[in-house]
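Engineer: The following block contains the structure, expressed as structure tokens.
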Amino acid sequence: MPTPSNRFFPRFSLLIACLSASCIACSAAKLAPFAHIEALEIRECSGIVQSRKQDDIYWVHNDSNGGSKLYAIRKNGILATAFDTGARNVDWEDITTDDSGNLYIGDFGNFENTRRDLVIHKIREPLGNIPPAISERTSFRFAYPEQTRFPPPKRIFDCEALFWANGYLFILTKSLGETITRLYRFDSLDPDNLNNPTQIGQFDIGPRVTGADASPDGWRLAILTECSVWVFQRPAQSDNYLEGSVKTRSIQAGQCEAICWVSPQELLIANEERALFSVTLDSLIEY
């Protein structure tokens, strides 16, 4: 497998030179929020995804120890409904959805790289304003096949990004020991056994990855880092988005950890302070 970090190193060097350690740079765009999530229960918004079954519904959740509820908000930040999934929240980091009305919650925050209970919860999306009395939930335990020590010598097995595309679930790691993010695909999901995702690509992204979402047609992948937005075009005949053409933009918008597609030309970003921001694709630059 080619090493994308080597392939993109010259271009990455030009970009990283414009970024400071604190992500405040002359090229960074200071975003202004267009709305705020009104529900005070959402203390630290860590994941967001647009429903593919309901108009103007965006599912969000809290970070670690933030309870087991999912919240449906409108794009203007107003709470539409909430329901209790019944799933334990050790460190929920992202949420995604498929085309069949299922939501997936990634309980895989792993800052110390010591967790042996990484899990993804699959939950049937409730329709309408009346939440279900009992949620339909299936849980899939998983482990990185490359991790043999807990903790490993380098903390490269944290994760805050989950997305669904082309019939598969994917995750992107948040490496604490280096600047590379690794793309994994779950080729199958078995609720009765430990699942091992397959690493299919990597990219030297610089700032750490905090969220991701694939466009509904599966052709583009939006990645959010601590201070930048990236959009990758999936190559033909490959699921390795990180080898495709890419656009990017450095931003200042607080502690942003959630991103999703609104339309083919617009991305929605939420930060931990419940502020909502809009980023259009025509504001990104070729990388």
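Engineer: Kindly state which strands (runs of 3 or more DSSP E) lie completely within segment 92-181 and contain at least 1 residues that are at pLDDT 95 or above, touching an Asp or Glu at 6+ places or on another chain (Cβ under 8 Å) and of a type in the set (Phe, Trp, Tyr).
Structural biologist: 92-97, 102-107, 137-141, 158-165, 168-174
Engineer: Here's another thing I want to ask about it. Being in a loop (DSSP other than H, G, I, E, B) and closer than 24 Å to SER51 by Cβ narrows it down to one residue among GLY254, GLY218; which is it?
Structural biologist: The conditions single out GLY218.
Engineer: Among the residues of segment 82-91, which ones are surrounded by fewer than 15 Cβ atoms within 10 Å (Cβ to Cβ) and part of a loop (DSSP other than H, G, I, E, B)?
Structural biologist: If the condition is that a residue be surrounded by fewer than 15 Cβ atoms within 10 Å (Cβ to Cβ) and part of a loop (DSSP other than H, G, I, E, B), then GLY86, ARG88 are the ones that fit.
Engineer: Moving to a separate point now. Out of the residues in segment 216-275 that are free of Cβ contacts under 8 Å to residues at least 40 places away in the same chain and of a type in the set (A, V, I, L, M, F, W, C), which is farthest from HIS36 (Cα to Cα)?
Structural biologist: ALA236
Engineer: Out of the residues in segment 270-287 meeting the condition of being in a strand (DSSP E or B) and hydroxyl-bearing (Ser, Thr, Tyr), tell me which one is nearest to the chain's Cα centre (by Cα).
Structural biologist: Across segment 270-287, the extreme among qualifying residues is SER278.
Engineer: Being farther than 18 Å from SER64 by Cβ, surrounded by 15 or more Cβ atoms within 10 Å (Cβ to Cβ) and of a type in the set (D, E, K, R) is the filter here; which residues of segment 92-104 pass it?
Structural biologist: Listed by number, the list holds a single entry, ASP98.
Engineer: When residues of segment 53-81 are filtered for being surrounded by 19 or more Cβ atoms within 10 Å (Cβ to Cβ), more than 20 Å from LYS122 (Cβ to Cβ) and of a type in the set (Gly, Ala, Ser), how many remain?
Structural biologist: Residues meeting the conditions: 1.
Residue-by-condition table, conditions (1) acidic (Asp, Glu); (2) in contact with a Ser or Thr (Cβ under 9 Å, 6 or more places away or on another chain); (3) closer than 25 Å to LYS75 by Cα; (4) buried (at least 18 other Cβ atoms within 10 Å of the Cβ):
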site	(1), (2), (3), (4)
GLN237	no, no, no, no
SER245	no, no, no, no
ILE251	no, yes, yes, yes
ILE259	no, yes, yes, yes
SER263	no, no, yes, no
LEU267	no, yes, yes, yes
GLU273	yes, no, yes, no
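Engineer: Please count how many residues of segment 189-212 are in a strand (DSSP E or B) and either of a type outside the set (Ser, Thr, Tyr) or surrounded by fewer than 19 Cβ atoms within 10 Å (Cβ to Cβ) (or both).
Structural biologist: To start, the set of residues in segment 189-212 that are in a strand (DSSP E or B) comprises 195, 198-204, 209-212.
Remaining after also requiring either of a type outside the set (Ser, Thr, Tyr) or surrounded by fewer than 19 Cβ atoms within 10 Å (Cβ to Cβ) (or both): 195, 198-204, 209, 211-212.
Qualifying residue count, segment 189-212: 11.
Engineer: Regarding segment 105-116, can at least one residue be identified that is more than 19 Å from ARG182 (Cβ to Cβ), under 17 Å from the mean Cα position of the chain (by Cα), touching a residue at least 60 places away in the same chain (Cβ under 8 Å) and surrounded by 14 or more Cβ atoms within 10 Å (Cβ to Cβ)?
Structural biologist: No; the residues of segment 105-116 include none that is more than 19 Å from ARG182 (Cβ to Cβ), under 17 Å from the mean Cα position of the chain (by Cα), touching a residue at least 60 places away in the same chain (Cβ under 8 Å) and surrounded by 14 or more Cβ atoms within 10 Å (Cβ to Cβ).
The values are calculated or read from the model by the stated rules, or taken from the named source; none is laboratory data. Computed from a predicted model, the values in this text were never measured in an experiment. Virtual Cβ from ideal backbone geometry, glycine too; neighbours counted across all protein chains shown.
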